[in-house]
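The values are calculated or read from the model by the stated rules, or taken from the named source; none is laboratory data. Computed from a predicted model, the values in this text were never measured in an experiment. So basically every Cβ, Gly included, is an ideal-geometry build from the backbone, and we count neighbours across all protein chains shown.
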Amino acid sequence: MSGSHNIALLRHRYVHIRDGYAGPDAHHAVWFGVSVTPGRALGCHVLLEAGAVVVDLPLHALATTPDAPPIALSDAVQWDSYGWRAEIFEPPYLCGLTCDLLTADHHILTGQQGSLWFALDHVGDGYSLEPGQHKHLWVIAREDGCLLLLPQDRFLVYEASFTAHDGIPRIHRQTAVWSAEP
């Protein structure tokens, strides 16, 4: 089975570490990997500008700008990891596109936007094997500098040459496992 507990990002990202998470001062850092542990929030692995490697920081400890507003972990990350293995998925077509964020019930636009960075896809666990539960969890850089980890049903993507938002579309959950062979 593919996937791993520690996963390298497909490309490193420059971030800021908020005060108190890696020492007394905010730090410039390079985010280079993540870890997944069932029942724990996504862990972020970074290299600090001072040369120290810090592992398993919570996502809300990272930001894209040094002046990003504080955010609770429960607002940044909807769910804890639900398996020991995952993969990073960074499709060039979607990465970098702007998205409109939805409320947790998927019914209302929040008025906030972000940029898609990459997705985390858990593999080999009960949730990812169940069609109605399997979701890509996307790292989104919100316009205010906060980083979020949201499932794909919590945002609408804007792609100027293709999409046209006209409300929030109703999408049915997958319930079947499709196979070409009987």
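Quick notes on this one:
- Hits in the range 45-76 - residues which are hydroxyl-bearing (Ser, Thr, Tyr) and within 14 Å of the chain's Cα centre (by Cα): THR64, SER74
- Criterion (over 20 Å from LEU156 (Cα atoms) and either at pLDDT 95 or above or not in a loop (DSSP other than H, G, I, E, B) (or both)) met by exactly one of LEU116, LEU57, LEU101: LEU57
- Looking across the range 1-37, the residues that are without any contact (Cβ under 8 Å) to a residue 60 or more places away in the chain and part of a loop (DSSP other than H, G, I, E, B) come down to ARG18, ASP19, GLY20, TYR21, ALA22, GLY23, PRO24, ASP25, ALA26, THR37.
- Any chance ALA72 is modelled with pLDDT of 90 or more, of a type in the set (Gly, Ala, Ser), exposed (fewer than 15 other Cβ atoms within 10 Å of the Cβ) and in contact with a His (Cβ under 8 Å, 6 or more places away or on another chain): yes
- When the range 1-36 is filtered for residues that are within 15 Å of the chain's Cα centre (by Cα) and surrounded by 15 or more Cβ atoms within 10 Å (Cβ to Cβ), the ones remaining, listed by number, are ILE7, LEU9, ARG13, VAL15, TRP31, PHE32, GLY33, VAL34, SER35, VAL36.
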